[in-house]
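Each remark here refers to the structure printed beneath this line.
Every number here is computed from the coordinates shown, using simple stated rules; none is lab data. Bear in mind that the values here come from a model prediction, so they are computed numbers and not experimental data. Cβ atoms come from the backbone with ideal geometry, glycine included; neighbour counts cover every protein chain shown.
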Amino acid sequence: MALAELQQGIVSLFQGQGEAAVDRWVATTCGYCGTGCGLYLGVKDGRAVAVKPDTTAPVNKGHLCLKGLYEWKTLHHPERATVPLRRRGKEMHPVTWERALEEVGQRLREALAAGGPEAAGIYHGGQLTLEEYYAIHKLAKGVLGTPNIDANTRLCMASTVSGYIRSFGVDAPPGCYEDLDVSSLIFIFGANPAEMHPQLWQRILRNRKLNGAKIVVADPRLTLPARVADLHLRLRCGSNIPLLYGLINILIKEDMLDRDFIRRATTGFEELARAAAAFPPERVAGLTGVPAADIVAAARLFGRSPSAVTVFCQGVNQSSQAVDTVTLINSLHLITGKIGRPGSAPFSLTGQASALSMREIGGGGSLPGFRNPENPEHRRQVADYWGIPEERLPRRVNDINRMLELVEDGRLKVLWVIGTNPAVSLPDLGFSRRQLEKVFLIVQDIFYPMETAAFADIFLPGAGWGEKDGIITNSERRLNLVRRAVNPPGEARDDLTIISQVARYLGAGELFAWPGPEDAFRELRELTRGRPNDMTGVDYALLERLGGVQWPCPEGGRGTSRLYTGCFFFTRPEEAQGYGEFNHPEGRARLWAVPYTPPPEVPDGEFPFWLNTGRIIEHYHTRTKTKRIPELQALVPGAYVEINPQDAARLKVAEGELVRVVSRRGWIEVPARITEVVAPGEVFVPFHFGDLDPGERERRQAANHLTGRNVDLLSGQPMAKAGACRIEKLQAGSAGQEGRGEKGNGTRIFYKSRKGL
Ligand SMILES: Nc1nc2c(c(=O)[nH]1)N[C@H]1C(S)=C(S)[C@@H](COP(=O)(O)OP(=O)(O)OC[C@H]3O[C@@H](n4cnc5c(=O)[nH]c(N)nc54)[C@H](O)[C@@H]3O)O[C@H]1N2
Ligand SMILES: Nc1nc2c(c(=O)[nH]1)N[C@H]1C(S)=C(S)[C@@H](COP(=O)(O)OP(=O)(O)OC[C@H]3O[C@@H](n4cnc5c(=O)[nH]c(N)nc54)[C@H](O)[C@@H]3O)O[C@H]1N2
Ligand code: SF4
Ligand SMILES: [Mo]
């Protein structure tokens, strides 16, 4: 396979493992990105040996990207965790499950007894199943009663969640993938679907080929979508708000509006129009770096197009004023009436395979069924259903940023990390790793070693994708099944079982006594009855038969492809996920006049470059899976920094030369990749690479040494895409010396922990 082909994300081939080599094919769903492709996992003699795409799957219709194709190789890997471990001094030793679970229960109980609800917390990932999220949130809110419950979606979708709630009342994403097939304009705003959602990119390209759809991209980088777009708005990092105001300004000035829709279905238009009037194209050009003529052209393309979908992702969520950006994207669609009809939606691409599942059952501070934790009626419904006192349910949760501050203050003593790798993915790793070191840390993961486990006091081995049954919800609200095809390795147990067993040690076993995942699903779906994400018509058999179902799906239904098809939104106080300004008595959508404030950190004399971080097609997140797949690891074995040729020439940096990237928080040393993908004055570092696992400690390469703890004030989401840095040329022979501690035996270390790192 040519590298260029791989990088374009257009590879959709069947690997050709012969049918004869397989005992059976198990229908399941890819466990990586939020696209949710259907595939078959081939099993021979109880082991996974192949993957092939599902030609009937509504999402991907027989195509897969390279991550999906190699996914079977994550199973049976020799570094899969097989036994519980307990720290003794600097080393981890195997212990029995009984011993490990008993101690987890005891530590949680003792912490809460001594320090109150804030003394314990859970921080989990976005690749578990709907049923597992439900169990985690039931345990945290219904049993422990702690406000310290958050997930890595804080780093990922939190701003979209808040933005949808502010515009539409609840976090129910409009749109569906079919819109990408039929829309006359695809506006890709702060996303790179060619690499991150490759099968959706395929659908966009097919639409362009068959129907002549136009593509407009707003991204500081010259990504593949930007290269093939009809119009690339190459805005500066952190300038989403002026760009969107500039578009709205022209839509209003040239009267490309749906005034009837604005009147019937929205509120706040006058305020929005006043705010947008301050952003004529010339001013916007100065703030964003996008030529005024291109801004006008983009607005006309959008306004005159019969339909339009805006797909957005981390260039929005992780940039500055992220929630405000989401609300302006929503407003763009509301004022033009481009929502709730085929080919028209402000459509957030979810990152992780099941990030939306988590949002459905209580992630991000809500209660199951998109309930408002401050609404007494919603609280009573959940408390009564669980049979617990209502006061136990937290009104507000602490996000992971706040949880780490509580650790630093000595108030949060026991932290349970499930299915996420914060020692690589959290911002400001210097600060974050100090807190992981300080707290009593329980880590539940499928691999050992992995970076966060290096800080663990107790390690619990989980069962992963391919080893358990459950539901995962993709970007278009489609509930898909994942299936157990093989047994977990060694003594590893699935997360639902582990959580239920910890609940037993906490004296609440009867609340978690499900014989299997579908029993947990039957319990949780009742909490969605009558809510925007009603799933009461869903069971596993229906999901299997239909290849997934999009909620809402009330009893007797078969799912709903599009939301907001009437001019009605979930903003009525009895329905909405928030109170006050989020409400409208008739269920109208809200247009917000947001203020514009430049990012908190901008390039200056000392740190002259914009620092942009993100991802690439070959790797997934912190690479616990993809670095163990030789075909993928070989393609991109280490981190690097993209530098524009003009800057490289000025700095006299050559292709492949090791340079130091320095920010106010820290530094990394990585080779330079000289490319016009980044604009002059901007650099990009992929965040996939850690530097704590054996074999990787030699290189200080984790992008999050550089990122800071500035967050969006409305969502708490860190700004992984808007910071400043400088590039330092290394003196010959000095690479890796300065700034690192040097151990006597010649092994360089740059992070010293009491836990033995
Ligand atoms: N191969 C692969 N696929 C993945 C993942 C993975 O790790 N690997 N992760 C999954 C997950 S969890 C997620 S969240 C998604 C993320 O998917 P994406 O959001 O598409 O990916 P990113 O690379 O994080 O960022 C997208 C783009 O945002 C641009 N950007 C940066 N700053 C700004 C800005 O201020 N304004 C605008 N308009 N754009 C900006 C960047 O230049 C970048 O090209 O991918 C999912 N899919
Ligand atoms: N600088 C910078 N930082 C970023 C981002 C960025 O763009 N730039 N992006 C952010 C985003 S969008 C995201 S989503 C996060 C992702 O950050 P993380 O959540 O830290 O990334 P993963 O590597 O996916 O971690 C998932 C962990 O769960 C384990 N695991 C997988 N399946 C299971 C399971 O079934 N059970 C259990 N118990 N464990 C399992 C994996 O081995 C892995 O260790 O990173 C964020 N950090
Ligand atoms: S596009 Fe996403 S869901 Fe589909 S195969 Fe690739 S990683 Fe898996
Ligand atoms: Mo994400």
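The table below gives the values:
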| read-out | value |
| --- | --- |
| Nearest-20 debye value, the range 609-751 charge dipole, Cβ charges on Lys, Arg, Asp, Glu | 380 |
| All aspartates and glutamates inside 17 Å of LYS44 as judged from Cα atoms, apart from same-chain residues fewer than 8 positions distant | GLU19, ASP23, GLU71, GLU467 |
| Over the chain: Rg over Rh, Cα atoms, Kirkwood Rh | 0.94 |
| Segment ARG395-GLU408, extension gain: residue separation times 0.36 nm, minus the distance between their alpha carbons | 2.4 nm |
| In order through the range 608-616: 3J(HN,Hα) via Karplus (6.51 cos²θ - 1.76 cosθ + 1.60), integer Hz, x for Gly, Pro | x, 9, 5, 9, 10, 10, x, 9, 9 |
| Full-stretch length increase - ARG99, GLU544 - with 0.36 nm per residue and alpha-carbon distance subtracted | 156.3 nm |
| Long-range HN-HN contacts of ILE471 with modeled amide H, under 5 Å | LEU130, GLU131, VAL482 |
| Reach of LYS627 by Cα under 19 Å, taken over lysines that are not fewer than 8 positions away in the same chain | LYS67, LYS73 |
| Amide H contacts under 5 Å for LEU39, placed H, 5+ residues apart | THR28, THR29, CYS30, ASP54 |
| The range 463-512 versus the range 90-167: alpha-carbon centroid distance in Å | 15 |
| At R0 = 45 Å, FRET efficiency that the Cβ-Cβ distance of ALA113 and ARG529 yields, to 0.05 | 0.80 |
| Charge sum, other residues only, whose C-beta stays under 11 Å from GLN314's C-beta, Lys/Arg counted +1 and Asp/Glu -1 | +1 |
| Residue-wise HN-Hα coupling along the range 470-481, computed from phi with Karplus coefficients 6.51, -1.76, 1.60 (Hz; x: Gly, Pro) | x, 10, 10, 9, 8, 4, 9, 6, 8, 7, 10, 8 |
| Column: log10 I(q)/I(0), Debye, Cα scatterers of the range 272-328, q = 0.12, 0.14, 0.26 Å⁻¹ | -0.35, -0.49, -1.28 |
| Three-way shape call for the range 534-624 based on the alpha-carbon gyration tensor, with the a/c threshold at 1.5 | oblate |
| Set of lysines near LYS209 by C-alpha distance (under 25 Å), chain-local residues within fewer than 8 positions excluded | LYS61, LYS338 |
| Antiparallel %, DSSP beta bridges [both residues in the chain], to 5 | 50 |
| Segment LEU210-GLU728, extension gain: residue separation times 0.36 nm, minus the distance between their alpha carbons | 181.6 nm |
| Ranking of MET403, MET256 by count of other Cβ atoms within 10 Å, fewest first | MET256, MET403 |
| Helical mean residue ellipticity (222 nm; -39500 (n - 2.57) per DSSP H run of 4+; nearest 500) of the chain | -8500 deg cm²/dmol |
| Low-density loop positions, GluC sites (Glu not before Pro), the range 561-619 - DSSP coil, at most 13 other Cβ in 10 Å | GLU574, GLU586, GLU606 |
| Sparse-neighbourhood loop sites, trypsin sites (Lys or Arg not before Pro) in the range 536-625 - DSSP loop, at most 12 other Cβ within 10 angstrom | ARG558 |
| Rounded Å value of the spacing that divides the Cα centres of the range 227-281 and the range 583-639 | 23 |
| The range 81-94 - phi-based ³J(HN,Hα) in whole Hz, Karplus 6.51/-1.76/1.60, Gly and Pro as x | 6, 10, 9, x, 10, 10, 6, 10, x, 8, 10, 9, 10, x |
| Net charge of Cβ neighbours under 12 Å - reference THR613; Lys, Arg +1; Asp, Glu -1 | +1 |
| The range 609-751: C-alpha gyration tensor shape, a/c 1.5 cut-off, then a/b vs b/c | rounded |
| Summed side-chain charge close to VAL161 - residues other than VAL161 whose Cβ falls under 13 Å, Lys, Arg +1, Asp, Glu -1 | -2 |
| Antiparallel %, DSSP beta bridges [both residues in the range 609-751], to 5 | 70 |
| Per-residue Cβ neighbour rank within 10 angstrom, fewest leading, LEU64, LEU714 | LEU714, LEU64 |
| Rel. contact order, % - alpha carbon contacts under 8 angstrom, at least six apart, the range 107-177 | 28 |
